[in-house]
1. Quick one: is Trp452 of a type in the set (Phe, Trp, Tyr), surrounded by fewer than 23 Cβ atoms within 10 Å (Cβ to Cβ) and at pLDDT 95 or above?
2. Could you check how many residues of region 259-312 are open to solvent by 60 Å² or more (accessible area, probe 1.4 Å), at pLDDT below 85, within 13 Å of the chain's Cα centre (by Cα) and of a type outside the set (Lys, Arg)?
3. I need a count of the residues in region 313-337 that are more than 14 Å from Leu354 (Cβ to Cβ), open to solvent by less than 20 Å² (accessible area, probe 1.4 Å) and within 28 Å of the chain's Cα centre (by Cα).
4. Of Tyr669, Tyr631, which residue is under 23 Å from Gln704 (Cβ atoms), in a helix (DSSP H, G or I) and of a type in the set (Phe, Trp, Tyr)?
5. Is it true that Gly53 is at pLDDT 95 or above and surrounded by fewer than 23 Cβ atoms within 10 Å (Cβ to Cβ)?
6. Out of region 455-491, which residues are part of a helix (DSSP H, G or I) and open to solvent by less than 30 Å² (accessible area, probe 1.4 Å)?
7. Taking Ala816 as the residue in question, decide whether it is in contact with a Ser or Thr (Cβ under 6 Å, 6 or more places away or on another chain), at pLDDT 85 or above, open to solvent by less than 60 Å² (accessible area, probe 1.4 Å) and more than 19 Å from Gly711 (Cα to Cα).
8. Is it true that some residue in region 520-530 is free of Cβ contacts under 8 Å to residues at least 40 places away in the same chain and farther than 19 Å from Ser425 by Cβ?
Amino acid sequence: MDTDSQSDGVVHARWPRAKAAALVAVAALFLLVLALSLTRATDTDLWWHLASGDLIRRTGEVPRSDPFSYTVIGHRWIDIHWLFQVVLSALYEAGGVRALDVARSSILLGIFAWLFRRCRRDAGPSTVVGVLFVVALACQERFLTRPEIVSWALLLAVIAALERALDPAGSDGARARSLFLVLPALTIGWVNVQSLFILAPIFIVFALLASLIELVRARPGSFWPAAGAPGGWSDADRPIALLVALAVSVVACLINPYGAAALRLPFEQFFVALGGRSLLSRTIAEFQPPLSGYMVTPAIVAFVVLAAATAVALLADAGRVRALEVLIFAATLVLALRARRNIPIFALAAAPILARHAAGLLKGITDRMARAGARDRAAIAVPAVLAAAALWMTFDVATNRFYLRRPSERWFGSGEIPDYFPEESARFVAAGGIPGNVFHSLWAGGYLIHAWRGERGVFIDGRNDPYLDDVLPAYLNAIADPSAFEETVRRYQITAVIWPHHRALEGKRLLAYLARGRGWVLVHLDPAAAVYLRSDILSPARLAEGPFPPGRDPADTYRILARALDRRPFSGPPIREISLGEFFSVSGDQAGSEFFFHRALEKMPRSAPVLYGYAVALERQNRTREACDVYARAAAADAGHLPSRAALGACLLDKGDVEAAGRELQAAYRGGERSARLLQARARLFEQKNDMDGAIAAYREAIQFAPRDTGVLRSLALFYARHGQPSSALPFYTRAAEIDPDDPVIAGETATLLDRLGRTDAALEVARDASRRAMERLDSGGPAGWAAAGPSRADDRRLLAFAATLEERAGDRTKAAQYREALARSGGEPPAQ
């Protein structure tokens with residue numbers, strides 16, 4: 001077939017403008033691939049790969065037990081990526097992160113160049129550009145400096161070798177070289193790079209099955225006639241050769257530092273770790289099924305389009321379909337459906353299949369164009385449209401608009417983002433002589449491995465294998481439950497916590513707990529991260545050197561952080577300011593949150609998420625009117641930002657505009673928003689409409705989605721109390737108090753309810769325990785002098801006043817006097833409720 005004369009099912013006229021249009025489309029495609037591959041180094045797994053490569057080069061040995069983590073020290077570790085890591089380490093030593101960026105972009109451009117050449121054997125340039133445009137979008141989330149991009153190249157090489165071995169027109173010598181030289185060499189390289197090496201013998205099995213299927217198809221009267229040359233598939237020696245090649249490939253899989261032990265990794269990953277039911281897939285987005293509904297991104301949309309188009313093309317062109325194509329399509333599709341990180345495996349394998357059979361898919365369009373005499377016009381218009389789409393997308397990527405629409409922690413450019421990784425905090429801990437171990441976010445672990453160079457162990461990092469059985473569940477429990485965190489602290493002798501700001505929302509419960517000063521003190525704060533120390537190992541000198549020493553205006557600290565950001569500017573979106581705003585928000589310092597969200601708005605004044613964060617900070621400072629105005633601006637800027645619409649609905653409900661509130665709340669709810677705030681507002685809306693069943697259902701739904709949200713539990717308790725059902729309210733107060741025993745509002749309302757139910761002794765018990773905590777907070781002057789998360793002094797004083805009243809009624813005037821004295825020390829009688 002003359003491929004120069006075919007494109008998109010339309011025949012190119014042999015004239016310069018058509019060829020020029022096709023050339024521009026091809027150039028635009030590769031410009032887009034280059035843009036998508038040029039992203040800042042934000043993947044923390046890069047750093048533990050580098051640290052491993054450094055270790056191997058330094059010691060001359062591949063590690064067989066974990067050298068980096070104090071939680072699994074000495075645990076068996078199969079570092080199947082060692083060869084990739086050694087090369088990575090050498091490149092980093094030669095040219096830093098930018099050298100790694102060049103290597104990554106070169107590999108990815110090479111993969112797409114090979115794919116383009118392979119697809120052009122069967123389709124015209126415009127068809128190939130269209131196919132690879134979708135493939136690039138499907139793969140781009142995984143354009144990372146990880147060993148999987150090398151696996152993609154090896155995957156395509158294995159498929160190509162098998163296609164040569166099955167080619168009916170191929171010679172015996174070419175077949176032998178493919179099966180007994182090329183495939184073993186590829187497998188040996190692959191088994192020392194990444195666990196996807198198991199695909200090499202699996203695909204050989206597919207080729208063996210395909211050869212047997214084609215033997216059957218070659219028989220006269222076969223329901224599915226063979227697609228190859230006449231008699232070409234009747235060679236009975238081919239299955240035998242493939243069987244021998246399979247045996248050789250299995251032996252090649254054993255040529256690695258760990259031997260047969262390495263074989264367990266891919267099986268555990270594919271059949272245990274991946275999929276919606278495993279802890280790993282419930283925790284980390286890349287291990288979740290792509291059609292689970294979580295975070296629908298352009299990669300997911302492109303994957304669905306590619307899968308549907310390839311399936312239809314195979315059906316439309318069934319007469320030319322090869323058995324190997326069907327097997328590869330089905331197997332890689334199953335892998336992709338199990339976890340979104342496997343989407344590129346499917347996309348790259350499907351590209352040549354779709355390109356080959358696109359003619360059948362587009363036959364109807366081709367025929368209509370031929371009848372209309374539009375072939376020559378299409379020969380220019382089709383590649384022009386493809387070029388325009390690729391160039392527009394390239395501009396979108398280069399300006400970061402592409403990444404801002406569906407944040408995936410990737411930003412255009414080369415090198416590191418200043419103050420993105422916890423560099424200063426890692427140095428602070430390393431140089432500070434801090435005893436014991438350090439707790440940190442899962443994301444930060446990979447960077448800390450590299451920063452500390454093995455001198456300190458990490459709690460957890462991105463290496464899944466060592467942590468799945470025990471450490472990952474402990475980590476998840478620790479960041480969700482303060483009591484579980486303290487148990488983890490005791491178990492591993494932890495004395496410090498490092499938490500990066502852009503993981504503040506992930507660790508919001510832990511950060512709120514640390515900020516309350518219940519045994520922990522903030523001792524270091526930089527533009528990237530915060531460090532907390534246990535108060536029992538804290539010296540007075542270190543406390544005085546902290547970011548919020550007694551007597552300093554907190555605004556001075558905000559300005560110091562802002563100047564640090566200005567000294568190391570970042571031309572992209574204000575992600576550092578947003579991260580600081582989120583950190584201060586979850587830590588309870590709403591003035592700090594307002595300060596940094598305001599700075600972020602200077603760069604992105606119409607960003608709904610930034611406006612929303614700014615409004616939250618205002619609202620939590622009781623500046624409700626200002627906050628509601630900003631919520632309205634956020635909803636106007638982006639009607640698809642559902643949290644803003646939910647907050648606006650709650651504001652409208654507070655103003656009494658029930659109809660408008662209902663519209664906003666319903667729009668957010670229909671869009672999929674299920675935040676505690678939205679569900680509570682819907683419950684209040686139902687209550688105002690006297691729909692008690694609807695209100696209770698909405699509260700119950702809120703508890704289902706946020707079972708540990710004390711605000712939701714308290715709201716439901718108050719609902720029952722308002723409607724004359726105090727006994728129904730009590731269990732929710734009890735659960736809220738168990739989750740947050742330091743909240744004086746919950747304690748006071750619980751004691752009041754118990755007193756109302758005639759359970760005076762129980763009310764006194766709750767009030768006494770809560771009052772003891774309140775006096776400790778008031779006497780300490782608050783948590784380390786910082787306006788941190790937790791109860792206000794006014795709430796504590798109101799609790800003490802109520803407790804004193806209860807004690808006087810019970811006849812214990814001594815305890816009542818103690819509470820009155822504490823009130824006097826803290827500023828007198830409490831403010832009115």
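1. Working: of a type in the set (Phe, Trp, Tyr): yes; surrounded by fewer than 23 Cβ atoms within 10 Å (Cβ to Cβ): yes; at pLDDT 95 or above: yes.
Against the criterion (of a type in the set (Phe, Trp, Tyr), surrounded by fewer than 23 Cβ atoms within 10 Å (Cβ to Cβ) and at pLDDT 95 or above), Trp452 qualifies.
2. Matching residues across region 259-312 total 2.
3. To start, the set of residues in region 313-337 that are more than 14 Å from Leu354 (Cβ to Cβ) comprises 318-319, 323-324, 327, 330-331, 334-337.
Remaining after also requiring open to solvent by less than 20 Å² (accessible area, probe 1.4 Å): 323-324, 336.
Still in the running and within 28 Å of the chain's Cα centre (by Cα): 336.
The qualifying residues number 1.
4. On the way: Tyr631 fails: under 23 Å from Gln704 (Cβ atoms).
Step by step, each of Tyr669, Tyr631 is checked, and only Tyr669 is under 23 Å from Gln704 (Cβ atoms), in a helix (DSSP H, G or I) and of a type in the set (Phe, Trp, Tyr).
5. Values: at pLDDT 95 or above: yes; surrounded by fewer than 23 Cβ atoms within 10 Å (Cβ to Cβ): no.
In short, no.
6. So the first thing to find is which residues in region 455-491 are part of a helix (DSSP H, G or I), and the list is 464-467, 471-480, 482-491.
Result: Pro466, Tyr467, Val471, Leu472, Ala474, Tyr475, Ala478, Ile479, Ala484, Phe485, Thr488, Val489.
7. It is false that Ala816 is in contact with a Ser or Thr (Cβ under 6 Å, 6 or more places away or on another chain), at pLDDT 85 or above, open to solvent by less than 60 Å² (accessible area, probe 1.4 Å) and more than 19 Å from Gly711 (Cα to Cα).
8. no
The values are calculated or read from the model by the stated rules, or taken from the named source; none is laboratory data. The structure presented is a predicted model; accordingly, all values stated were derived computationally and were not measured. Cβ: placed from backbone, ideal geometry, glycine included. Neighbour counts: every protein chain shown. Protein only, heavy atoms only, side chains kept; ligands, DNA and RNA dropped before computing areas. Shrake-Rupley method; radii C 1.70, N 1.55, O 1.52, S 1.80 Å.
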